[in-house]
Amino acid sequence: MFRRRIAAAVAAACSFFAVASAAPAHAEPGDTAGPTYVALGDSRASGPLIAAGDHRDTCLRSSSVNYPAKLASELGASSLVDVTCSAAKPAHVLDTPQFVGTGFAPPQIEALAPDTDLVTLSIGGGGSNHLPVSVRCAAPVPGADLRCRDNPDAERLAVEGIEKMAREVDEVVGAIVAKAPHAQVYLVSHGGTVGDRACWPILPVSDGDAPWLREYFDRFNDIYVRAAAKYGVHYIDIATAAVEGGHDACADTGDRWFEGIIPRSPAEPSHPNELGMAAIADMIARDYAGRGE
């Protein structure tokens with residue numbers, strides 16, 4: 001019964017907010033010398049529930065506090081077009097309209113132009129095997145150890161999901177670079193929720209399985225490392241920064257950048273909270289400024 005509850009909670013994190021908006025969010029114009037910025041991606045960028053009052057549509061963007069908004073402010077962007085949508089998959093960025101409850105949002109890549117200066121992308125969770133892999137680690141009671149680290153089925157799902165999503169993400173990044181050839185493009189990692197420790201029921205896995213789950217996300221993030229190298233774009237490793245800095249889901253309030261299955265501050269389960277969004281924005285802003293853009 002408990003494992004079914006955990007599965008349902010994780011599924012909610014992956015698919016409950018599976019609708020989006022066709023209307024992009026625009027920042028107020030800043031310094032005219034600032035970059036023209038387009039934000040693409042899924043719920044890890046849109047930020048459901050962080051600022052629920054911002055949710056003007058079924059995309060569930062927290063458009064005042066998600067990392068696109070914070071980054072645009074930090075850089076004094078001359079414009080921001082935020083088309084991030086909860087539950088978006090690579091195809092919804094590339095060429096497939098996304099159902100948004102009352103219609104369809106156009107493919108996100110249509111927001112790009114040849115003169116776009118800056119693009120951020122968080123994609124790859126939807127359609128991956130994050131859910132079936134994670135559920136195989138879900139401990140039903142404190143102290144239980146499901147040993148998913150030794151489960152060949154969990155490993156098979158991990159490998160298959162990584163291989164599938166690597167192809168899809170590669171295609172998306174190639175298309176972004178082709179449509180916005182002069183833009184600085186940033187790929188944001190997955191992970192950050194799971195470190196080398198557990199904290200049942202917030203992160204209901206064993207201390208033995210938590211490091212394996214973290215390593216799974218490290219392997220998944222190689223997708224972005226490889227795509228960044230292939231297309232000459234930039235990789236933002238928020239997962240390592242969060243885990244090594246003690247900002248994973250088990251951290252105390254004030255230090256925690258990512259929420260667990262049971263959020264303790266406003267955010268979708270297993271997603272960045274407002275502190276996490278600020279950290280992502282800061283990492284991108286520092287890199288962008290360091291390139292003299």
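What follows draws every value from the coordinates through simple rules; no lab data is involved. Fair warning: this is a prediction, and the values are worked out from it, not measured in the lab. Positions of Cβ are generated from backbone atoms using ideal geometry, with glycine treated the same way; all protein chains shown enter the neighbour counts.
In nm, to one decimal, how far is the K164 label point from the Y231 one, both placed 7 Å along Cα→Cβ?
Each label point is offset 7 Å from its Cα along the Cβ direction, giving 2.1 nm.
Nearest 5 is fine: what % of DSSP beta bridges in the chain come out antiparallel, could you say?
Of all bridge pairs located within the chain, approximately 25 percent are antiparallel.
Provide the packing ranking of 257-270, 142-155, i.e. peptides ordered by the mean count of other C-beta atoms within 10 Å per residue, highest first.
Put in order of decreasing packing, that is 257-270, 142-155.
Based solely on its DSSP helices, what 222 nm [θ] is calculated for the chain when runs of n ≥ 4 H residues each add -39,500 (n - 2.57) and the sum is averaged over all residues, nearest 500 deg cm²/dmol?
Result for the chain, helices only: -11500 deg cm²/dmol.
Please work out which option in (i) 13.9; (ii) 16.8; (iii) 15.1 gives mean projected area of the Cα convex hull in nm² calculated from these coordinates, and answer with its label.
Derived directly from the coordinates: (i).
Across the chain, how many lysine pairs, 8 or more positions apart or on different chains, have C-alpha atoms separated by under 20 Å? Please give the number.
4
Apply 1/(1 + (r/R0)^6) to the Cβ-Cβ distance of R291 and F104, taking R0 = 25 Å, and write down the FRET efficiency to the nearest 0.05.
0.10
State the answer as a single residue: which of P204, S62, G246 lies farthest towards the positive end of the charge dipole of the chain, with beta carbon charges of +1 for Lys and Arg and -1 for Asp and Glu, about the Cα centre.
Working it through, the farthest residue towards the positive pole turns out to be P204.
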